[in-house]
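*Asks:* Take this structure, written in structure tokens, and hold onto it; I'll ask about it next.
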Amino acid sequence: MLKEIKNIPLASLLSRLGHEPARRCGDKLWYRSPLRLENTPSFKVETALNCWYDFGIGKGGNIIDLASELYQSTDLRHLMNCIANNYPMSSVLTVAPNVVPRHSAPSFDNIRVVPLESQAVVAYLHGRGIPPEISKAHCQQIHYCCRGKQYYAVAFANESGGYEMRNRYFKGCIAPKDISIRRIRDDPSTGCAVFEGFIDYLSALTLGLINGADAIILNSVSNVNKAIPHLRDYTAIHCFLDNDVAGKTALAQLTERLGTKVIDRSTLYSGYNDLNEYLTQNLQTI
């Protein structure tokens with residue numbers, strides 16, 4: 001199974017976890033680090049070698065090394081199980097049940113979701129341009145245990161009972177991974193806004209860009225196909241996707257399936273990778 005795990009493309013695993021490259025230089029992909037908060041991408045994946053390096057913490061390696069940092073563990077069998085659970089490739093799943101991890105506990109346990117109340121979490125979102133009244137109205141706070149240590153983060157629920165999680169040091173999710181839908185009323189309104197992540201959704205609310213409109217948050221561009229059935233009844237679909245290859249690819253997929261009612265709104269923040277970067281870089285002038 002270890003050989004199968006190591007053959008999983010790092011970029012594919014990162015995509016499953018909700019991380020997409022900010023830019024590509026040949027066979028090198030640059031990300032905002034999944035291990036910490038940053039605005040300038042300094043996490044590199046070399047696709048030809050299938051290895052990574054995080055310049056911010058001075059660490060790198062293969063997919064097992066990355067899992068060790070993500071799940072704060074050195075237990076090889078546990079890490080292999082964590083990777084297999086997040087990357088449902090048939091060859092991995094065929095072998096995974098035969099591996100008995102030393103610890104039967106899931107990656108996250110003792111999960112508890114409460115109203116957003118931590119000043120540290122509210123301050124983290126405020127630092128990204130989201131005022132407390134918006135973050136508290138649209139987010140929750142999640143407490144969880146990972147490898148015997150207690151953590152907490154901002155939580156954003158999806159349609160399958162999972163949560164996107166963020167704090168100053170961590171970006172991840174509680175499975176299952178799915179889209180999030182925020183409806184203003186029971187019947188579809190005339191317009192719907194589409195975002196890659198919930199921080200951009202909160203940024204749009206802060207900027208007053210989608211007042212009165214429904215919203216779908218993909219939580220990963222790999223979830224585009226899950227969103228399409230929910231978008232068919234809208235007359236206008238406003239896409240606030242990232243100004244990178246992954247965002248443009250998602251926009252093209254939506255346009256191909258839904259036609260001219262798909263409207264590209266990324267020109268509003270041209271020159272910035274995403275809407276939140278635009279918000280944070282222009283707080284003094286907005």
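The values are calculated or read from the model by the stated rules, or taken from the named source; none is laboratory data. For clarity, every value in this text was computed on a predicted model and none was experimentally measured. These accessible areas exclude ligands, DNA and RNA; they are computed on the full protein's heavy atoms, side chains included. Shrake-Rupley method; radii C 1.70, N 1.55, O 1.52, S 1.80 Å.
*Asks:* Angle check, please: helix 76-86 long axis (alpha carbons) against the longest principal axis of the chain (alpha carbons), in degrees 0 to 90, nearest 10.
*Replies:* Between the helix axis and the principal axis of the chain, the angle is about 30 degrees.
*Asks:* Shifting gears a bit: So who's got an amide H within less than 5 Å of the one on LYS59, skipping anything under 5 residues away but keeping other chains? H placed 1.01 Å off N, in plane.
*Replies:* When sequence neighbours closer than 5 places are left aside, the close amide H contacts are ASP54.
*Asks:* Only one of the values [x] 116; [y] 140; [z] 155 was calculated from this structure for volume of the Cα convex hull per residue in Å³; name its label.
*Replies:* The value computed from this structure is option [y].
*Asks:* Here is a follow-up. Would you kindly derive the ³J(HN,Hα) couplings of region 49-61 from the backbone phi angles with the Karplus curve 6.51 cos²θ - 1.76 cosθ + 1.60 (θ = phi - 60°), listing them in order in whole Hz, with x for Gly and Pro?
*Replies:* Computed from phi, the couplings for region 49-61 are 9, 6, 9, 9, 8, 9, 5, x, 10, x, 10, x, x Hz.
*Asks:* Kindly write out, for region 215-227 in residue order, the coupling ³J(HN,Hα) from the Karplus curve 6.51 cos²θ - 1.76 cosθ + 1.60 (θ = phi - 60°), rounded to whole Hz, with x marking Gly and Pro.
*Replies:* 9, 10, 10, 5, 6, 4, 5, 5, 9, 3, 5, 5, 7
*Asks:* Per residue, how much accessible surface does region 212-273 expose to a 1.4 Å probe? Answer in Å², no decimals.
*Replies:* Values: 2710 Å² over 62 residues.
On a per-residue basis, region 212-273 sits at 44 Å².
*Asks:* Given the protein chains as shown and a 1.4 Å probe, how many square angstrom of TYR144 are accessible, to the nearest 10?
*Replies:* Spelled out: TYR144, probe radius 1.4 Å, area about 10 Å².
*Asks:* Ok, one more. Normalised radius of gyration for region 129-280, please: alpha carbon Rg relative to 2.2 N^0.38 Å, two decimal places. Intermediate results must be reported in sequence, preceding the final value.
*Replies:* Values: Rg = 15.3 Å, N = 152, 2.2 N^0.38 = 14.8 Å.
Against the compact-globule rule of thumb, the ratio is 1.03.
*Asks:* Whole-Hz ³J(HN,Hα) for each residue in region 25-35, computed from phi via Karplus 6.51 cos²θ - 1.76 cosθ + 1.60 with θ = phi - 60°, x for glycine and proline: what do you get?
*Replies:* 10, x, 9, 10, 10, 10, 10, 6, 4, x, 9
*Asks:* At a 1.4 Å probe radius, carbon and sulfur cover how many percent of the accessible area of the chain? Mind showing how you got there, number by number?
*Replies:* Working: 6610 of 13360 Å².
C and S atoms contribute 49 percent here.
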